Amino acid sequence: MAARTSKDSAGQPEETPAATVRTQEYAAGTGWDVGQTAPKDAFRALGGEGMTTPVGPVVHEHPGGYARQIVTKGGRVTQGVRRELDAAERDGEA
């Protein structure tokens, strides 16, 4: 007994497409590690010559005056964000 195959309009057997598997995406979680979602805004005041030097601790509300926003609530914590947070801790002000 012969197996039946469907044919397209040119008389060629139709190829069944391979199954497409979508990757599952999981939330990275909330926290201050790289890849996670920031639980709060993070700012650091600016001071010194030309108001460009980060000073003081990391705070979670705008400190007033000049400040650098490191990350927003719900934003992804990147390597740069982590470096800023670590720099504040090294300064002994976090």
Pairs only if they're at least six apart or on different chains, beta carbon under 8 angstrom, first in the stretch 17-30 and within 23 Å of T78 (Cβ to Cβ), second part of a loop (DSSP other than H, G, I, E, B) and open to solvent by less than 100 Å² (accessible area, probe 1.4 Å); list them, first residue then second.
A28/G35; A28/Q36; G29/Q36; T30/Q36; T30/A38; T30/P39
Residues that are at pLDDT 75 or above and open to solvent by 100 Å² or more (accessible area, probe 1.4 Å): does the stretch 2-14 have at least one?
no
Contact list, first residue from the stretch 59-83 and closer than 11 Å to R44 by Cα and at pLDDT below 95, second anywhere and open to solvent by 50 Å² or more (accessible area, probe 1.4 Å) and aliphatic (A, V, I, L, M), beta-carbon distance below 6 Å, six or more apart or interchain, is Y66/M51
Residue, nearest to G29 (Cα to Cα), within the stretch 40-82, restricted to residues that are open to solvent by 70 Å² or more (accessible area, probe 1.4 Å) and acidic (D, E):
E61
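The values are calculated or read from the model by the stated rules, or taken from the named source; none is laboratory data. Only a predicted model underlies this, so the values are computations on that prediction, with no experimental measurement involved. Every residue, glycine among them, receives a Cβ derived from its backbone with ideal geometry; neighbour counts consider all protein chains shown. Ligands, DNA and RNA are stripped out before the accessible areas are found, and what is left, the full protein with its side chains, is counted by its heavy atoms. Shrake-Rupley method; radii C 1.70, N 1.55, O 1.52, S 1.80 Å.
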